[in-house]
Each structure stands twice: as C-alpha cells, then as structure tokens.
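Beneath this line is the structure, given in structure tokens, with notes to follow.
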Amino acid sequence: MFFHKRSKTLILTDLIENFETARTSNYFWKTVYKLAGIADPNGKAPIDLRLTFIGQKEKDRQCYTHMLNWQPEKIILAHGRWYDKNGTAELKRAFRWLEKQDIYSDERQTKKRQGHSSCHNNICGKYNEDSDIN
C-alpha cells in the first residue's frame, strides 16, 4: 500500500479487485467475478485475501481508519478498473465487510491464534506514505 500525498492517490494493488465484466469475453470468469463480489462497479477485497485476516479484525479496522484518514481522491488497483474520483467513498464501500460483526469476537479468535505469528496478517501489511515523490 502506498499513498501519494500530492495527488491524493492510494495504491492498493490486490487489496481491492474490481474486474470489468464487459471487458472479459469468458462467461466462466464473468460469473466467478460476480459471485466473488469482485466485479465492477462493486469491487472489494477478494474472499481468499479476507480469510487471511481472520481473528485480526480490530487491527484491520485500525489500518482501514488510517487509509480513510488520508482521504484519497483516487485509488489505483492491480486488478480491474481503478477509481479516478470519490476514492474515500469507494474505500468505505469496498471495506464495508469490516463493519460487520463476527459471530465470535476478534479477541477470542486472536487468543486461539496466539503463538502462530506466521499466520498474523492485516490489511495494511507494509505501507508507505511519501510526499516527496512527484
């Protein structure tokens, strides 16, 4: 994840996927994109990526809040149509799954996973905020 202050552009690579089904000729993949919820205009984090965040929702919410505080105008993605305007609104829409309540609390899930540091991940990973790059 990278945020460029001057242009107010957030680069997320795989964190949101937003495939344009109109540009995909294969009916199978169009169906997969729609069923997975990663079809334009409603792209979001793919389910396989979201599964890596299990038990760390509070940490993910903190990272999500950090991204919102940047108030991006644009969001560049590795997969699918990028958002050339309304970046903050698109971020809120794409990460609405973080607002849903889990059946089990994040604290209980985290306790179950303690001692498995290689499993720990969050939506931020490593991020870079650099205003010196033009």
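Of the strands (runs of 3 or more DSSP E) lying entirely inside segment 1-98, those carrying at least 1 residues that are at positive phi are 9-18, 74-80.
Of everything listed in (1) farther than 22 Å from residue 85 by Cβ; (2) of a type outside the set (A, V, I, L, M); (3) out of contact with any helix residue (DSSP H, G or I) (no Cβ under 9 Å at 6 or more places or on another chain), the single unmet condition for residue 6 is (1). Residues that are hydroxyl-bearing (Ser, Thr, Tyr), within 18 Å of residue 96 (Cβ to Cβ) and surrounded by fewer than 17 Cβ atoms within 10 Å (Cβ to Cβ) within segment 14-69 comprise just one, 65.
Every read-out reported here was derived from the displayed coordinates using simple, explicitly stated rules and does not represent laboratory data. Quantities reported herein were computed from a predicted structural model and do not represent experimental measurements. When we count neighbours, we look across all protein chains shown, and the Cβ atoms used for this are built from the backbone with ideal geometry, even at glycine.
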